[in-house]
Amino acid sequence: MADSQIHRGPDGEGYFVDDEVGLAHRRLSIVGGESGQQPLYNEDKSIVVVANGEFFDHVEQRDLLEARGHQFRTRSDCEILVHLWEEYGEAMLERLKGQFAFALWDRNKSVLFLARDRVGIAPLHWARVGNQFVFSSEVKGILASGIVPREVDPRGLDHVFSFMGMPTARTCFRGISSLLPGHCITLRAGQSEEVRPRQYWDLDFPDQGDEYDPGKSRVVEEFGAQLQQAVDERLKADVPVGSYLSGGIDSSAVVRLAGMSQPNESVPSFTIEIPTPGLNELEGATEVARLANSNQHVITCGADMIGDIYPSLVQACDAPVMDTACAALCSLAGMVHDKGYKAVLTGEGADEALAGYPWFKINRLISAFDQGERRPSNLFRRLAGKVNGRSIPWEEARKYQDRIGGPNAMADVYSLMQKGRRTLYSDEMWSAIGDHCPFDDFVLNTDKMKRWHPLNQSLYFGYKSILPGLLLNQKGDRPAMSHSVETRYPFLDEDVIDFCAKLHPKWKLRGLTRDKHVLREMSAGILPADITRRRKHMFRAPFASTFFENPPDYVKQLLSDESLKKTGYFPIPAIRNLYEHFAGAPENRSHKKPVIKQSVEMALTTAMGTQLWHHLYIGGDLCELPGWSPTQ
């Protein structure tokens, strides 16, 4: 199991085994040097822990624990865990600040305790088969145990098509679950009852009308101070830390604040150049790197590179991947590793905190006349659904809304994905999914949501869906850690999240046009106006329209009639029509078919990714690429 995840920790390995539990750890040495080898123990070795991640206030925590008589053996930030457990037990989670997943074994109590950070930066998966319980950072670690059979969960595959990622406890493998963000598990040796994860934290917003609004100067000053502190904390390491940098305001602000935090030491930046009209952000990124005195490294990522990287990306993610930008980020992480760096800052999380996505604006526009149970905005949704070719009965659509707390900007986006899955699923696939609604798998406090401002309701669902499912998973941890690189997120600092949550919505979305208002106001003094005023551009790489123009051999093989018959996920005629459409020369496409919506374009990529995932993990010899095995 440990060897299958050597990419997550190439700097060392450690093991603990007794009669009831076995723990393994792969180490990526960032804090603690040679003394930080895991497992870690308390003074009498009655408590042992293996952990992934960083605790950014470990120095302060260490001082407090030493004052209470605890003795530390190492300089590792993760050693605070065993001593906090001694002091507070499960209540220790209230005192943790950072990004983490860990497993702690209390030998005296025969208790195994697992936990994952608040928003899901660090992954943790688990499975129970009979009286055996296994867990791992990645699904492939569990598969390597040989305890859990490799079986498909069609409802898990449906999540990728429905939500662009894997945001819930469900995975693509039957019997294997993801521990949700902000959740923990307590197991006692010999217990026979069902494993029941417990939620220890949830994002909260003020009741509508009670939001924080002390005035412009104070809000901007306080937000800037919180973000600067978050950046400062994430620059702390025993190794140099770099930063991802696009031309957008989020990563630009992070790089600029990092440079201000370390004025005598350049923080290197890493940028992706997309050689596709409308997608390239290199010019803005270079301007910010120059201003921040950052040594900028640039990697060019086009359709050919995406085709080359995609198989290793799907293997890294243990799931199909819809967004080809994940492949670009995988290549960027490779550059970070090749340049000798192990940790980078990123700007992810700002859009979730401060309403940065365009669909928040659209939702506000169409919901302007909604009041209580009266929701005229649903008429627009119905019209969009008809245009999009969906045929969901109105009562079913309302049932979906109720499950997520009412009309929601994120749900509006996901509804657009319906076109792709309804076009491409076979009867066999629909039968396997049954009457299951993918929204049922979310854990949401819909009672609280009703008291919040509508914008905060949408932000909350974004934190629960696109953030852990796509951004921190297939765009974050998996591609980065496949190259032994840790990603750090200032906008996902606990204090930054709490501060943004309590803000009046006008500091997030001002009117219908100005998103991330408080960030733009704060950045006006440290970034060029063309960056602070720049509209949100989703980071994108070439989709199917370029990916399939010159498809690699494995793509042709995966989408052959023979391979499609073997899996049965997709009807051959639908795949064939779309594949031939995108594989044709660009100048000829208009004669074949009208322009196909981006949702279908992404769905075709996901269908190919599903075939690839099946080949890698389930088998079936769908193409000439080697399948995954725990020994490779």
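The values are calculated or read from the model by the stated rules, or taken from the named source; none is laboratory data. Worth saying up front: this structure is predicted, and the values here are computed from it rather than measured. Note: ideal-geometry Cβ built from the backbone for every residue, glycine included; neighbour counts use all protein chains shown. Protein only, heavy atoms only, side chains kept; ligands, DNA and RNA dropped before computing areas. Shrake-Rupley method; radii C 1.70, N 1.55, O 1.52, S 1.80 Å.
Quick notes
- A straight line joining the Cα centroids of region 320-347 and region 430-457 runs 31 Å.
- The peptide list 598-609, 439-450, 227-238, 553-564, put in order of mean Cβ contacts within 10 Å with the highest first, becomes 598-609, 227-238, 553-564, 439-450.
- Between residue 270 and 243, 244, 245, 297, the built amide H atoms are under 5 Å apart, and every one of these is 5 or more places off in sequence or on another chain.
- Our analysis of the chain gives Rg over Rh at 0.95, with the two radii drawn from alpha carbon positions and Rh computed by the Kirkwood formula.
- Too-long pairs where the Cα-Cα distance tops 21 Å, listed order kept, from 97/475; 361/506; 97/464; 97/502; 140/565; 216/508: 97/475; 140/565
- Estimated 222 nm signal from helices in the chain, with DSSP H stretches of n ≥ 4 weighted -39500 (n - 2.57), rounded to 500: -11500 deg cm²/dmol
- Note on region 470-540: with charges restricted to the Cβ of Lys and Arg (+1) and Asp and Glu (-1), its dipole about the Cα centre is near 580 debye.
- Length, then width, then depth: along the principal axes, the Cα atoms of region 31-95 run 28, 25, 21 Å.
- Scalar couplings 3J(HN,Hα) for region 158-174, obtained by applying the Karplus form with A = 6.51, B = -1.76, C = 1.60 to θ = phi - 60°, are 4, 4, 5, 6, 8, 10, 6, x, 10, x, 10, 6, 7, 10, 7, 10, 4 Hz; x denotes Gly and Pro.
- For region 213-260, the carbon plus sulfur part of the accessible surface works out to 49%, probe radius 1.4 Å.
- For the chain: relative contact order, % (alpha-carbon pairs under 8 angstrom, 6 or more apart): 17 percent
- Under the combined filter of DSSP loop state and at most 13 neighbouring Cβ atoms within 10 Å, region 4-113 retains these GluC sites (Glu not before Pro): 20.
- Among the GluC sites (Glu not before Pro) within region 124-231, those in coil by DSSP and having at most 15 neighbouring Cβ atoms inside 10 Å are 151, 193, 194.
- For the pair residue 67 and residue 194, the difference between a 0.36 nm per residue extended length and the Cα-Cα distance amounts to 41.8 nm.
- At full extension, residue 218 and residue 75 could sit 47.7 nm farther apart than now, given 0.36 nm per residue minus the alpha carbon distance.
- Per-selection Rg to Rh, region 322-372 - Cα, Kirkwood hydrodynamic radius: 1.25
- Candidates per chymotrypsin sites (Phe, Trp or Tyr not before Pro) in region 162-253, loop by DSSP, up to 15 other Cβ within 10 Å: none
- Scaling the Cα radius of gyration of region 158-271 by the globular reference 2.2 N^0.38 Å produces a ratio of 1.57.
- For the chain, accessible area per residue (1.4 Å probe, heavy atoms of protein chains only), Å²: 39 Å²
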